[in-house]
1. Return the residues of region 16-55 that are under 17 Å from the mean Cα position of the chain (by Cα) and among the β-branched types (Val, Ile, Thr); say none if nothing qualifies.
2. Being in contact with a Phe, Trp or Tyr (Cβ under 7 Å, 6 or more places away or on another chain) and of a type in the set (Val, Ile, Thr): is that true of THR86 here?
3. Output the residues belonging to region 27-45 that are surrounded by fewer than 12 Cβ atoms within 10 Å (Cβ to Cβ) and among the hydrophobic types (A, V, I, L, M, F, W, C).
4. How about region 1-65: which strands (runs of 3 or more DSSP E) wholly inside it have at least 1 residues that are without any contact (Cβ under 8 Å) to a residue 24 or more places away in the chain?
5. How many residues are outside any strand (DSSP E or B) and either touching a residue at least 60 places away in the same chain (Cβ under 8 Å) or within 22 Å of VAL11 (Cβ to Cβ) (or both) when one looks only at region 80-99?
6. From the list HIS24, HIS51, which residue is surrounded by fewer than 17 Cβ atoms within 10 Å (Cβ to Cβ) and not small (Gly, Ala, Ser)?
7. Looking only at region 78-98, which residues are within 13 Å of the chain's Cα centre (by Cα), of a type outside the set (Val, Ile, Thr) and under 26 Å from PRO61 (Cβ atoms)?
8. Can you find a residue in region 68-77 that is exposed (fewer than 14 other Cβ atoms within 10 Å of the Cβ) and in contact (Cβ under 8 Å) with a residue 12 or more places away in the chain?
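What follows is calculated from the coordinates using simple rules that are stated; it is not laboratory data. Keep in mind that this is a model prediction, so the values were computed, not measured. Cβ coordinates were reconstructed from backbone atoms using ideal geometry, including for glycine residues, and neighbour counts include every protein chain displayed.
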Amino acid sequence: MGYWPDPSTVVITEVLGPGPNARHTRYSFYPDVEHHDDEIKRIYLASGRLHTYLGDWHTHPKGAARTSQKDRKTLQSIASFPEARTPRPLMAILAVSRGWKLAVWSWQGKDFLWNAKVALAEVKQFD
């Protein structure tokens, strides 16, 4: 969750956890959609309709912080889903092999991604 103060800057204000009914497997993740929908609505309204859904995040426990084909398809689906209202969705990937590496990718149109520069000001633990 967050907002774009200008076309080249994104501010991430909240990171949602998987939700209590999420399912994790070694190679996939199925979020608790109802939990996410409720949290997105709550944060959006509490922020005065400023902080919106920006995209998704996940880990690559034994891989690189690069998007997979599945990640790119997910970004394209988010961008083309009218209810998401996110034409340039983000995909943050935290890779944990050989140290921690965070990369944030933004969908910029058909088969084009932008690797955003990220600075973390504060890290909060979520439930």
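1. VAL33, ILE40, ILE43, THR52, listed by residue number.
2. Criteria met by THR86.
3. Hits for region 27-45 are VAL33, LEU45.
4. So the answer is 2-6, 9-12.
5. Of the residues in region 80-99, the ones outside any strand (DSSP E or B) are 80-89, 96-99.
Subsequent filtering for residues that are either touching a residue at least 60 places away in the same chain (Cβ under 8 Å) or within 22 Å of VAL11 (Cβ to Cβ) (or both) retains 84-89.
Number of matching residues: 6.
6. Only one candidate passes the filter, namely HIS24.
7. PRO89, LEU90, MET91, ALA92, LEU94
8. no
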